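The values are calculated or read from the model by the stated rules, or taken from the named source; none is laboratory data. Only a predicted model underlies this, so the values are computations on that prediction, with no experimental measurement involved. Don't worry about glycine lacking a Cβ; one is built from the backbone with ideal geometry, like all the others, and counts go over all protein chains shown.
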C-alpha cells in the first residue's frame with residue numbers, strides 16, 4: 001500500500017502522501033499506530049517525564065520493553081533524533097517532539113528497529129500493520 005501511495009504522490013509533499021495514507025488505513029490500524037507512537041514518545045523517550053535524555057536512557061527504555069537491537073541500530077536511532085547542529089550526547093524535548101516518528105513515510109528512513117519498537121510497545125501493532 002505504501003508503494004502505491006508513494007507512486008500516486010510522487011513529486012508532491014509529504015503532507016499529500018500522509019493524507020492519502022490516512023485515508024486508506026483502517027481506523028483500527030491507525031489507532032494502534034497512534035498508541036504505539038504515544039508509548040514511544042512518552043514511555044521510551046520519556047517526553048513527558050524527563051529532559052534531556054541520553055543514549056543510555058534510550059537503551060534502558062528499549063531493554064525494559066524487551067526490544068532487541070544492535071549497538072549500531074541504537075546509535076543510528078539516537079543520531080536520527082538529534083538536530084544536525086546538536087553535538088552533545090543528549091536529546092532535548094524539542095528534538096524528540098520534532099523527530100520521533102515510528103512510521104516513517106520516506107522508505108529510506110524506515111528501519112527494522114523502528115518496526116520492532118512499534119511492535120514492542122504492547123498496543124497490538126503487528127508486522128502486517130507496518
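The figures follow:
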| item | result |
| --- | --- |
| Residue ID - surrounded by the most Cβ atoms within 10 Å (Cβ to Cβ), chosen from residues in region 24-42 that are assigned to a helix (DSSP H, G or I), in contact with a helix residue (DSSP H, G or I) (Cβ under 9 Å, 6 or more places away or on another chain) and without any contact (Cβ under 8 Å) to a residue 60 or more places away in the chain | 41 |
| Test result for residue 102, touching a helix residue (DSSP H, G or I) at 6+ places or on another chain (Cβ under 7 Å), at pLDDT below 90, under 18 Å from residue 45 (Cα atoms) and crowded, with 18+ Cβ neighbours inside 10 Å | yes |
| Subset of region 43-77 that is surrounded by fewer than 18 Cβ atoms within 10 Å (Cβ to Cβ) and in contact with a strand residue (DSSP E or B) (Cβ under 8 Å, 6 or more places away or on another chain) - its residue that is modelled with the lowest pLDDT | 52 |
| Lone unmet requirement of (1) loosely packed, with under 12 Cβ neighbours inside 10 Å; (2) at pLDDT below 95 for residue 20 | (1) |
| Residue satisfying condition, being under 22 Å from residue 127 (Cα atoms), free of Cβ contacts under 8 Å to residues at least 12 places away in the same chain and more than 12 Å from the chain's Cα centre (by Cα), within set 84, 73, 64 | 64 |
| Hey, residue 95 loosely packed, with under 14 Cβ neighbours inside 10 Å and assigned to a helix (DSSP H, G or I) or not | no |
